[in-house]
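These notes concern the structure reproduced below.
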Amino acid sequence: MCHVMFEVGVKDILDIFLVAVILFSCYKLMKQSRSVNIFYGLLLFISFWIIISKVVEMKLLGSILDQVVSVGAIAVIVLFQEEIRHFFFRLGTHERANRFINFFRPKKQITGDAGEEFRHSRSEVSPIVLACLNMAKNRVGALIVMQNDLPLGDFVRTGERIDAILSQRLLENIFFKNSPLHDGAVIINSDRIVAASCILPVSHDLDIPKDFGLRHRAAKGLSKETDALAVVVSEETGRISVAYDNEFKARVSAEQLEQILMKGRI
């Protein structure tokens, strides 16, 4: 009669906990896209491989599965390249990671009246707020991107380079319906309009409300790939929405928009 003794130590508990955290993080990431069924299938295949190779110890089938798993790592990278890229982006732009990075790379911060730290000054965001309010009143569609830490050169090159001082009138003229630059996004860095009519990646997430148009999907698509803040003015409803870190905040008031733009995040 065999007695199998399992000695579980602190290291084993930590090991199981870390694996569970990684799997849960992968599940959350896949759930945001349409790859969650592939993730389920991958988990079932790995479970089947462990049972065959480690538990039942079938040598022939186990050796075949071992070869499939060794090559499967490359297949996983190909299948989930967008999700893996987004995972490392979120990891690098996480608040705690930024604190560590900013220890070596000091970042300019502006202190408000209440002692709160802001990324942008009120003078930088005021033209954007006023332009958005005026365009919302007149039902003029707009998509405005505020650059934060990550450069947006790839998206700037898809549009028309402007490199002009930020102003309310210039923003409104760009998004005027008869303007040749009104389609696409305006990219702003600090107090300058860098480019207009820029093409952004469109999000295909299924959780986006159906009353949101292409501008909203482009805003969320950019916020998923970068740390930029995207402001959308709806042409149909006149409502102002903000996208950041793959999340939306809809029906934003003037005061909320100003605070969000100054913080550089939702």
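The values are calculated or read from the model by the stated rules, or taken from the named source; none is laboratory data. This structure is a prediction, so every number in the text was calculated from the model and none was measured. Quick reminder, even Gly has a Cβ in these numbers, built from the backbone with ideal geometry, and neighbours come from all protein chains shown.
Worth pointing out:
- Residue match in the range 188-203 (condition: under 16 Å from the mean Cα position of the chain (by Cα) and not hydrophobic (A, V, I, L, M, F, W, C)): yes
- Of all residues assigned to the range 82-98, none qualifies as being at pLDDT below 70, outside the structural domain of residue 202 (by TED's automatic domain parsing), small (Gly, Ala, Ser) and outside any helix (DSSP H, G or I).
- The condition of being closer than 23 Å to residue 266 by Cβ and buried (at least 17 other Cβ atoms within 10 Å of the Cβ) holds for only one of 181, 166, 206, 214, that being 166.
- Residue list for the range 115-135, restricted to those being part of a loop (DSSP other than H, G, I, E, B) and charged (D, E, K, R): 116, 119
- For beta carbons closer than 7 Å, sequence separation of 6+ or different chains, a first residue in the range 172-190 that is assigned by TED's automatic domain parsing to the domain that holds residue 218 and under 18 Å from residue 124 (Cα atoms) and a second that is buried (at least 19 other Cβ atoms within 10 Å of the Cβ) and among the charged types (D, E, K, R), the qualifying pairs are 190/124.
- Summed over the range 148-159, the residues that are surrounded by fewer than 21 Cβ atoms within 10 Å (Cβ to Cβ) and closer than 17 Å to residue 245 by Cβ give a count of 3.
- Of residues in the range 204-230 being assigned to a loop (DSSP other than H, G, I, E, B) and under 17 Å from residue 158 (Cα atoms), the one nearest to the chain's Cα centre (by Cα): 226
- Count of the range 1-43 residues, restricted to those that are touching a helix residue (DSSP H, G or I) at 6+ places or on another chain (Cβ under 8 Å), modelled with pLDDT of 75 or more and outside any helix (DSSP H, G or I), is 0.
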